[in-house]
Amino acid sequence: MTPTLPRAPGIDRLSAHHLHALAVAVLIDRYLKVDPTPGRLAEIAGKVAGFAEKELFPHFQVEETALLPALRQALDSDPLIDQLIAHHRNMETLVGRLAGSSAHERASLLRQFGASLRRHIRMEEVELFRQIDGRLDEAGREELGLKVDEARRAMGLTVHRLW
Ligand SMILES: [Fe+2]
Ligand SMILES: [Fe+2]
């Protein structure tokens with residue numbers, strides 16, 4: 001997964017969010033394995049909701065307002081982009097269901113959310129970002145990174161400490 005070309009800082013900052021989101025997915029898995037008590041699962045569901053509101057959903061918005069529209073123009077990858085946006089909606093739905101979930105649904109919803117998050121990040125990092133590296137020249141990558149950073153600042157998006 002090592003890029004062969006330098007990435008624009010704005011894209012690297014999205015990758016930093018992806019790493020944080022992967023850490024959240026690892027923590028979900030760990031608690032599901034070692035301490036799946038109702039009290040712990042309720043606590044994890046609350047932390048996932050906080051992570052989603054403060055970081056993940058704004059990250060989706062940055063991608064959908066700045067990154068993906070630009071890539072629809074620059075790449076010939078509409079099916080991939082459509083799929084990524086569908087993942088966003090699906091994860092939003094899972095987080096919404098988690099908020100109103102009963103104790104016995106919670107483990108399954110957390111597992112689904114963690115798995116969706118991993119699959120989505122892998123698709124963005126491996127398929128989408130690799131296409132950016134391969135198809136955009138340095139000026140194009142730079143311009144894209146600036147657009148993403150502008151949207152990120154407008155959303156006030158940073159990496160939060162949640163656990
Ligand atoms: Fe995404
Ligand atoms: Fe992303």
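The criterion of at least 3 residues that are among the hydrophobic types (A, V, I, L, M, F, W, C), surrounded by fewer than 13 Cβ atoms within 10 Å (Cβ to Cβ) and more than 17 Å from the chain's Cα centre (by Cα) is met by none of the helices (runs of 4 or more DSSP H) falling completely within region 38-110. Each residue in region 75-111 was checked for being more than 13 Å from ligand 2 (Cβ to nearest atom), under 20 Å from R152 (Cα atoms) and not acidic (D, E), and 1 of them qualify. Note on region 114-145: among residues that are more than 19 Å from the chain's Cα centre (by Cα) and not acidic (D, E), the one that is surrounded by the fewest Cβ atoms within 10 Å (Cβ to Cβ) is A139. Taking A16 as the residue in question, decide whether it is surrounded by fewer than 19 Cβ atoms within 10 Å (Cβ to Cβ), over 29 Å from D137 (Cβ atoms) and of a type outside the set (K, R). Here the answer is no, as A16 does not meet what is asked. A search for C-beta distances below 8 Å between a residue of region 113-124 that is more than 12 Å from F60 (Cα to Cα) and modelled with pLDDT under 95 and any residue that is part of a helix (DSSP H, G or I) and away from ligand 2 (no atom under 12 Å from the Cβ), counting only pairs 6+ apart in sequence or on different chains, returns nothing. The set of residues from region 96-135 being closer than 19 Å to L27 by Cβ and either in contact with a strand residue (DSSP E or B) (Cβ under 6 Å, 6 or more places away or on another chain) or of a type in the set (V, I, T) (or both) comprises just one member, I121. Within region 115-143, the set of residues being within 14 Å of ligand 2 (Cβ to nearest atom) and of a type in the set (G, A, S) comprises S116 only.
Taken as a whole, the structure leaves S116 outside the set of residues that are touching a helix residue (DSSP H, G or I) at 6+ places or on another chain (Cβ under 7 Å) and in a loop (DSSP other than H, G, I, E, B).
The values are calculated or read from the model by the stated rules, or taken from the named source; none is laboratory data. Note that the coordinates shown come from a computational prediction; the quantities given were computed from them, not determined experimentally. Using ideal geometry, Cβ is built from the backbone for each residue, glycine included, and neighbour counts are taken over all protein chains shown.
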